[in-house]
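Please treat every number below as a calculation from the coordinates, not as lab data. Everything numeric here is computed off the predicted structure, so don't read it as measured data. Neighbour counts are summed over all protein chains in view; Cβ atoms, including those assigned to glycine, are modelled from backbone coordinates with ideal geometry.
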Amino acid sequence: MVLLEKARHPRFHIGESLLPANLPLFERLGVADEVRAIGMEKWGAEFVSPYHEHKQAFQFAEAWNKAMPHAYQVKRAEFDTVLIRNAARKGVEVHEGCKARAVDFGADGALVHAVHDDGREVAWQARFVVDASGRDTFLANRFQIKHRNPRHNSSAVYGHFAGARRNEGRAEGNITIFWFEHGWFWFIPMQGGVTSVGMVTWPYYMKTRGQRSLQQFFADGIERCPALAERLRGAELVNEIEATGNFSYVSERNHGPNYLLLGDAYAFIDPVFSSGVWLAMNSGVIGAEAIDTCLKNPAAAAALKRFDRLMKHGPKEFSWFIYRVTNPIMRDFFMGPKNIFRVKEALLSVLAGDIFGKTPIWNSLRMFKLFYYTANVLQPRRAYQGWKRRRFNIRRVDDPAVGAG
């Protein structure tokens, strides 16, 4: 196996909040101790709404499956280095600073053309190509099958801070989600006193940046969220503010006869539930199983059908909540959860990433959705205003100004 990585590790990346469902996979990969050493324990998630007088904390230990009570917050520079070094130890031929430039597919596989960062051009003949290029969406762009998600549209501005005020005790490592009028913020505590803070907002708001620097635009956004601004009083920015354009996209397909698209290389919706790393790593597992079957039995189309079904399952389950999380009625459900018919336990299982196993959450999730739809029927004016606002939020505008500066 040959792995081409355009960057050289360690390198900065966002997506620092993991889910409890990641932990069994770390054990399987043999990196559990290394991840534990670099991670900040994350026992739950906290939601803060400007429309409610209280905060709401969810504990993973209260999910349906009590065996996954925590996760980790990690600096991706450290975490990704652990993973790529582990791959090399396990026999993968790793080439860092080597970027794939083109792929020529044939009946017996593919010829992958790449270039090293010193200009050397190389090529590999592969029986199977796996695109794990993330938001670069290498193959989806090549095939012209990547599309904006018509049901969601958001961008992010983010940075790292030292000295941010965290929760106390075991809750110190919990992620906090702050709603504000133009979207939401993440607050992710990590080891070493560093906290990742990001603003996820709608295109129309990104367009209001005007001539402001990205740092000033971010600072002004924080001031629009008083609860977060208070947590950052006296905190010091320790890196350059960065931005990412439209988060939300999906590809028409995730596989072909001799290739797979994994994780963000296939689709991404929104980071609000920290699902990205888990869905990407799980796609690697099911992808490896599919490839193993196909290489042993090239006629095994069932393996690719299973891969396709599981790849679509994760985004589908998370997207139902993502599309509604800024809706005022859904916000009420998150800020005042009830466990009737075990719906809170099922919701927590989704937040923990426990959606691929045998945990019997599905009837309870159906009840949760029934309660939500019923609440909309009983509050028609509020439901209509929420729907109207969302249509306004996700409407297409010219590409928002997210460049550096």
Next item on the list: Calculate the translational D of the stretch 327-394 in whole µm² s⁻¹ from Stokes-Einstein, where the hydrodynamic radius comes from the Kirkwood formula applied to all Cα pairs, the temperature is 10 °C and the viscosity 1.306 mPa s.
Entry: 122
Next item on the list: Run through the DSSP bridge list for the chain and note the antiparallel percent, rounded to the nearest 5.
Entry: 85
Margin query: Please compute the modelled spin-label separation between residue 61 and residue 102, points set 7 Å along Cα→Cβ, answer in nm with one decimal.
Written below: 5.8
Note to self: Could you tell me the relative contact order of the chain? Use alpha-carbon pairs under 8 Å, at least six residues apart, and round to a whole percent.
What the structure shows: 20
Notebook entry, point to check: Normalised by the residues of the stretch 4-140, what does the relative contact order come to in percent, with Cα pairs under 8 Å and at least six apart?
Noted result: 26
Check: In what order do 283, 154, 213 fall by count of nearby beta-carbon atoms within 10 Å, going from fewest to most?
Finding: 213, 283, 154
Check: Using a Gaussian network model of the chain with C-alpha springs under 10 Å, which one of 114, 71, 21 is most mobile by mean-square fluctuation?
Finding: 114
Check: When the helix-only estimate is applied to the chain (DSSP H runs of n ≥ 4, each -39,500 (n - 2.57), divided by the residue count), what is the mean residue ellipticity at 222 nm, nearest 500 deg cm²/dmol?
Finding: -11000 deg cm²/dmol
Next item on the list: Along each of the three principal axes of the Cα atoms of the stretch 74-145, give the extent in whole Å, ordering the values from largest to smallest.
Entry: 39, 26, 25
Item checked: Which listed pairs, of 312/369; 338/388; 146/312; 66/344; 344/369, have C-alpha distances above 18 Å, in listed order -> 312/369; 338/388
Next item on the list: Output the Kirkwood hydrodynamic radius of the stretch 155-244, Cα pairs only, in Å rounded to one decimal.
Entry: 13.2
Item checked: Solvent-free Debye scattering, log10 I(q)/I(0), computed from the Cα coordinates of the stretch 1-143 at q = 0.09, 0.16 Å⁻¹ -> -0.41, -0.97
Check: Simple spin-label model, 7 Å along Cα-to-Cβ: residue 172 to residue 148 in nm?
Finding: 4.3
Next item on the list: Output the DSSP H helices from the chain with an along-axis C-alpha extent of no less than 27 Å and a mean Kyte-Doolittle hydropathy no less than 0.5.
Entry: 276-296
Checklist line | Full-stretch length increase - residue 392, residue 207 - with 0.36 nm per residue and alpha-carbon distance subtracted | finding: 65.2 nm
Item checked: Relative packing of 345-357, 159-171, 116-128, which averages over residues the other C-beta atoms within 10 Å, highest first -> 345-357, 159-171, 116-128
Checklist line | Largest-first principal axis extents of the Cα set of the chain (Å) | finding: 61, 48, 44
Margin query: Between residue 377 and residue 220, what is 0.36 nm times their sequence separation minus the Cα-Cα distance? Round to one decimal in nm.
Written below: 52.8 nm
Check: If you average the sequence gap of Cα pairs under 8 Å that are 6 or more apart and divide by the length of the stretch 327-394, what percent do you get for the contact order?
Finding: 43
Next item on the list: State the percent of C-alpha pairs, over all pairs in the stretch 46-98, separated by a distance greater than 11 angstrom.
Entry: 79
